[in-house]
Amino acid sequence: MSEDLWILGIQMTKFGKHLDKDVVDLASEAALGALADGGVTMADIGVLAAGNLMKAGEGVGQQVQKQIGQTGIPVYNVANACATGATALRVAAMAIRAGETDMAMAFGVEKLAGAGLLTGNSAQKTSETWEPKGRLGAVAPLDGRIGTDIMPGVFAQIGMEYGHKYGGTSFELFARISQKNHAHSTLNPKAAYQKAFTLEEIMNDFMIAYPNTRPMCSANTDGAAAVVLVSDSKLKTLSLEQQRRAIKVSASVLTSDPWEPGCEALFDVNTLTRNAAKQAYEQAGVGPDDLDLVELHDCFATAELVHYDNLMLCEEGGAVDFFESGATTRDGATPVNVSGGLESKGHPIAATGIANVYEVAVQLRGEAGQRQIADAKVGMTHVIGLGSACGIHILEKAAV
């Protein structure tokens with residue numbers, strides 16, 4: 001392993017509807033904020049990694065560079081589903097570890113307010129008679145028969161599958177996970193929605209895909225987040241204040257799906273997440289019990305439950321008991337999604353991976369205001385993108 005890597009500066013915009021701003025405006029706001037937070041300028045940055053999904057072919061990185069400082073450095077435009085932001089962060093990290101630069105920036109940005117469902121009916125057309133050719137030879141369309149490409153349906157199935165396998169789940173249990181995250185959101189001024197819900201309000205709201213009602217689903221929003229990374233040797237040349245606020249990146253992992261029986265029928269978010277978590281714990285030299293908080297990819301309430309297990313926050317099959325213990329609340333043993341999670345904070349796809357890192361970083365700095373987790377020293381961020389990708393980062397508080 002090469003020298004240690006640190007977060008020097010980090011910032012995110014408020015998530016929500018930004019009718020007066022486009023992706024360049026939002027990304028520029030986050031990027032300039034991250035530079036200011038780190039006490040550096042674009043003249044110090046050697047590589048820029050730009051995450052954006054919906055305009056992946058439009059060179060968003062270069063467009064933003066024109067606004068924040070067009071210095072001629074390499075720009076890498078990254079698209080990797082909901083893991084786009086985490087992937088951009090890894091590109092910046094790899095550039096530093098490869099010795100290409102001692103300081104790099106990554107950002108993720110998306111305009112998604114009012115976008116509605118983003119996928120579905122995307123499988124290629126199939127014949128009415130079986131033809132043994134291509135990847136998906138079949139007698140009828142696959143979508144809706146052995147699985148679905150609509151994200152609410154995918155994660156509804158994943159949650160129900162977990163309950164069928166291990167027991168203990170119920171409509172009310174999933175609603176309580178959502179209730180917990182919405183309660184957390186009331187303390188986060190950058191969340192798109194900062195409203196507490198009663199259990200009855202959540203359960204009686206519009207059903208999207210059983211057992212997820214509308215408040216149990218992530219919201220398509222506009223937003224951006226950016227981070228400045230620095231090598232250990234470069235950090236040591238900076239001021240004591242910059243060193244004090246720097247956050248160590250103890251692990252940075254990206255995985256994709258290994259082959260599994262039945263993986264053509266339903267996305268396997270469990271295996272690639274568990275594999276990423278194992279690698280991350282090994283890389284960082286810590287275990288689940290060392291984590292003071294976790295920001296995980298709760299695109300739906302059902303997803304949060306299964307990821308308790310996938311991230312090994314509990315014993316295998318023990319996600320229900322883990323939640324029932326109160327561990328995941330802000331004052332619990334392992335607070336999960338104290339930002340409010342995607343269900344409240346919002347999910348501007350490419351920004352989410354870095355926004356999760358932002359939450360953990362400000363917590364480890366002791367700068368999270370009313371939602372501060374006392375004496376937080378180690379945190380994990382997790383994001384998945386179907387297709388598939390899983391990005392996990394473990395962060396640690398500076399010892400300075």
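Observations, loosely collected:
- For the residues Gly385, Gly346, Gly379, Gly391, the requirement of being in contact with a Lys or Arg (Cβ under 8 Å, 6 or more places away or on another chain), surrounded by 24 or more Cβ atoms within 10 Å (Cβ to Cβ) and small (Gly, Ala, Ser) singles out Gly391.
- Long-range neighbours under 8 Å by Cβ, at least six apart or interchain, first residue assigned to a loop (DSSP other than H, G, I, E, B) within segment 164-175, second among the hydrophobic types (A, V, I, L, M, F, W, C): Gly167/Val320; Gly168/Val320; Thr169/Met160; Thr169/Leu305; Thr169/Val320
- Of all the listed residues (Lys190, Lys180), the sole one being closer than 23 Å to Glu359 by Cβ and in a helix (DSSP H, G or I) is Lys180.
- Out of Ile354, Ile384, Ile392, sole residue that is under 19 Å from Leu112 (Cβ atoms), assigned to a strand (DSSP E or B) and of a type outside the set (Lys, Arg): Ile384
- In segment 287-313, the residues that are over 22 Å from Cys217 (Cα atoms) and touching a strand residue (DSSP E or B) at 6+ places or on another chain (Cβ under 6 Å): Asp290, Leu291, Asp292
- Segment 272-314, residues that are of a type in the set (D, E, K, R), closer than 23 Å to Trp6 by Cα and open to solvent by 20 Å² or more (accessible area, probe 1.4 Å): Lys278, Glu282, Asp289, Asp290, Asp292
- Residue among Val228, Val253, Val249, Val269 that alone is in contact with a strand residue (DSSP E or B) (Cβ under 6 Å, 6 or more places away or on another chain), closer than 23 Å to Ile150 by Cα and open to solvent by less than 50 Å² (accessible area, probe 1.4 Å): Val269
- For segment 315-343, the tally of residues that are touching a helix residue (DSSP H, G or I) at 6+ places or on another chain (Cβ under 7 Å), in a helix (DSSP H, G or I) and surrounded by fewer than 24 Cβ atoms within 10 Å (Cβ to Cβ) stands at 2.
The values are calculated or read from the model by the stated rules, or taken from the named source; none is laboratory data. Treat the numbers as computed from the prediction; the structure is a model and nothing was measured. Positions of Cβ are generated from backbone atoms using ideal geometry, with glycine treated the same way; all protein chains shown enter the neighbour counts. Remember, those area values only see protein heavy atoms, side chains included, never the ligands or the DNA or RNA. Shrake-Rupley method; radii C 1.70, N 1.55, O 1.52, S 1.80 Å.
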